1. When only Cα pairs under 8 Å and 6 or more residues apart are kept, what is the percent relative contact order across the chain?
2. Which whole number of Å³ per residue matches the convex hull of the alpha-carbon atoms in the range 1-106?
3. Count the DSSP beta bridges whose two residues both fall in the range 2-72, then state the antiparallel fraction as a percent rounded to the nearest 5.
4. What FRET efficiency comes out for the pair residue 60/residue 17, r = Cβ-Cβ distance, R0 = 35 Å, nearest 0.05?
5. If each residue of separation counts as 0.36 nm, what is the full-extension length gain between residue 47 and residue 24 once their alpha-carbon separation is subtracted?
6. Helix-only estimate, please: 222 nm mean residue ellipticity of the chain, summing -39500 (n - 2.57) across DSSP H runs of length 4 or more and dividing by its residues, to the nearest 500.
7. Would you mind computing Rg(Cα) / (2.2 N^0.38 Å) for the range 80-218, counting N as its residues?
8. Test of understanding: what is the full-extension gain from residue 90 to residue 116, defined as 0.36 nm times their sequence separation minus their Cα-Cα distance?
Amino acid sequence: MDLRLLFFAKARQDAGTDSLSLSLDAGATLADLRELLVNRFGGAFSAYGFAVNEAWQRDDAPLHDGDEIAVLPPISGGAALITDEPLDPQTVTKAVSHAGAGAVVLFLGTVRDQFEGVLTEAVEYQGYRSMAERELRAILKDAEATGDGVRAAATHRLGRLAVGELSVVIAASAPHRDEAFHACRFVIEGIKARLPVWKKEFSPGGAERWHEGCDPSNGP
């Protein structure tokens, strides 16, 4: 079967072209295509995503003659990301949206103006970034194992945030709403229990206190 590939951003740079036509045997899947691209262009393609005919697909998706396949680097704000930049819910939602997703649940964690009766004017999140990104990927993988067809993505902000700013964005999709709601809750509970990120609260009078953070005893 004949396929048309489109490469974007870093994937275009790695492939040295913006498009490519190639043939694969009938019955091939995206996993077979990934293996071919890794062998031809290098290991970076082991982490890139695929959209088939403008719909996100997993590696076990079958391919068909005439398919157009976009090869996409990780989207900023999608999949699993620990960042100092403002969070974008749209990109996180896009990371889990696909043709088989009958339900998409979006969770936004925001900085509130008080906790236990104490006013808060700002918070500062500190984290062990490299470990946090690895642990967040593991949490999302565990969430996706909670049901058939579940996909999950999340981003967490570091640094100083004002009241009302987004600190965490989580999206989960599934064929049905129950599985999507369950996966989204699974991710936020996993983040609170397992992510090496800690929060310091600042009160208007100048008081500071640490609050929340992962409990090492809750590790996988």
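1. Working: 493 pairs, mean separation 41.6, N = 220.
Over the chain, the number comes to 19 percent.
2. Details: hull volume 11.3 nm³, N = 106.
So the per-residue hull volume is 106 Å³.
3. Numbers: 13 of 17 bridges.
Bridges in the range 2-72 that DSSP calls antiparallel: roughly 75 percent.
4. On the way: r = 27 Å, r/R0 = 0.76.
The pair residue 60/residue 17 has a calculated efficiency of 0.85.
5. Net length gain for the segment: 6.2 nm.
6. -8500 deg cm²/dmol
7. On the way: Rg = 15.4 Å, N = 139, 2.2 N^0.38 = 14.3 Å.
Normalised Cα radius of gyration, the range 80-218: 1.07.
8. That pair, residue 90 and residue 116, stretches by 6.2 nm at full extension.
Bear in mind these aren't lab numbers, they're just calculated from the coordinates by the rules spelled out. None of the values given here were measured: they were computed from a predicted structure. Every residue, glycine among them, receives a Cβ derived from its backbone with ideal geometry; neighbour counts consider all protein chains shown.
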